[in-house]
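The values are calculated or read from the model by the stated rules, or taken from the named source; none is laboratory data. Everything numeric in this text was worked out from a predicted model, so none of it was measured. Here the Cβ positions follow ideal geometry from the backbone for every residue, glycine too, while neighbour counts run over all protein chains shown.
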Amino acid sequence: MSRFLPDNFDASRPLALIAGQGSYPILLAERARKAGIHVCLIELGGETSPDLISSFPENQRTAVKVGQVGKLLKELKSFNAGYAVMAGQVTPGKLFRGLHPDLKAIRMLAGLDRKNAETIFGAIGNEIEKANIHLLDARVFMDEDLAEEGVIAYGKEQIDPEYLTHGIEIARENARLDVGQGVVVSRGTVLAVEAFEGTNAMLERAGNFGAKNCLFIKLGKTKQDTRFDVPVFGLQTLKAMKGAGIKNAAIEAGKVLLLNQKEVIREAQRLGISLLGIK
């Protein structure tokens, strides 16, 4: 079914999908269902796609607000879930404003020395595991979507090997420091480094310079908790690149999920955007 499933995976146990934004959780739900897995949905208020919500019967879905850890655990148990998986982005700002912590979350947050996306989601993952519900690798059932090495789409501009090497060096250091997973460079100059704001906001910021021969690079982090943090590239990324006037992208093969691959390749070629899979 998927190489990211644990060896002792029991396909008869329900899988709870904790779904954020975008097509990622939609695709994951489709793949899991095709594999014969009973999937139930926990939507995150204001984040989950209406299309995904409507694809679940009312008795197989529920909603929690971002930060309601106690309610999340209660709903997981009500579904008798043996497994859970997190997929899809949560609006970054909700970790600072718009958070609705319940008593369980307040206690959990009080025990964290550093409060950032990784520590908070990691702590939530640990609480799920304590409830005897296995939190799966977020790449489950998405094996075929991992980017492969080599040219993925030919664009109007060629990627200069020298500038690519420079960009990869910056991106790897950025990932090592756990700052972010993407950078934009232009002819040896770093235009933007992805931080908390996310990829699309970084691309928009880089585009404001109006620089030529821009290259966007997206890699996995050195120490990545793939239970909730998986780098993705999809149609929305291409839309952001187009808006920023960026014509080249390189993504890490085997680490970055290339969502809706056929559509992405077709759209990249239409827009004249070069897309390369790198090791």
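Return the total of residues in segment 245-267 being in a loop (DSSP other than H, G, I, E, B) and not basic (K, R).
7
A quick yes/no check of all residues on (1) buried (at least 18 other Cβ atoms within 10 Å of the Cβ); (2) closer than 18 Å to A117 by Cβ:
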{"position": "G180", "(1), (2)": "yes, yes"}
{"position": "E204", "(1), (2)": "no, no"}
{"position": "F216", "(1), (2)": "yes, no"}
{"position": "R227", "(1), (2)": "yes, yes"}
{"position": "G245", "(1), (2)": "no, no"}
{"position": "A253", "(1), (2)": "no, no"}
{"position": "I265", "(1), (2)": "no, no"}
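Assess whether R270 counts as being out of contact with any strand residue (DSSP E or B) (no Cβ under 7 Å at 6 or more places or on another chain), farther than 27 Å from L28 by Cα and not in a loop (DSSP other than H, G, I, E, B). Walk me through how you get there before you give the answer.
Working: out of contact with any strand residue (DSSP E or B) (no Cβ under 7 Å at 6 or more places or on another chain): yes; farther than 27 Å from L28 by Cα: no; not in a loop (DSSP other than H, G, I, E, B): yes.
The answer is no for R270.
Restricting attention to segment 138-158, which residues are assigned to a loop (DSSP other than H, G, I, E, B), on the phi < 0 side of the Ramachandran plot and crowded, with 20+ Cβ neighbours inside 10 Å?
A138, R139, V140, M142, A147
Any idea which of A192, A240 is crowded, with 22+ Cβ neighbours inside 10 Å and modelled with pLDDT of 95 or more?
Step by step, each of A192, A240 is checked, and only A192 is crowded, with 22+ Cβ neighbours inside 10 Å and modelled with pLDDT of 95 or more.
Quick one: would you say G88 is closer than 26 Å to L259 by Cα and modelled with pLDDT under 95?
Details: closer than 26 Å to L259 by Cα: yes; modelled with pLDDT under 95: no.
For G88, the condition - closer than 26 Å to L259 by Cα and modelled with pLDDT under 95 - is not met.
Within segment 1-34, which residues are under 21 Å from the mean Cα position of the chain (by Cα) and without any contact (Cβ under 8 Å) to a residue 24 or more places away in the chain?
Selection gives E30, R33.
I'd like to verify a number: residues in segment 80-120 that are assigned to a loop (DSSP other than H, G, I, E, B), polar (S, T, N, Q) and surrounded by 13 or more Cβ atoms within 10 Å (Cβ to Cβ), how many?
Total meeting the criteria: 2.
So which of I124, I120, I159, I106 is among the β-branched types (V, I, T) and not assigned by TED's automatic domain parsing to the domain that holds A29?
Only one candidate qualifies: I159.
Can L52 be described as among the hydrophobic types (A, V, I, L, M, F, W, C), at pLDDT 95 or above and more than 16 Å from the chain's Cα centre (by Cα)? First the steps, then the outcome.
Values: among the hydrophobic types (A, V, I, L, M, F, W, C): yes; at pLDDT 95 or above: yes; more than 16 Å from the chain's Cα centre (by Cα): yes.
Yes: the conditions hold for L52.
For segment 235-244, check the following and say yes or no: at least one residue is small (G, A, S) and part of a loop (DSSP other than H, G, I, E, B).
no
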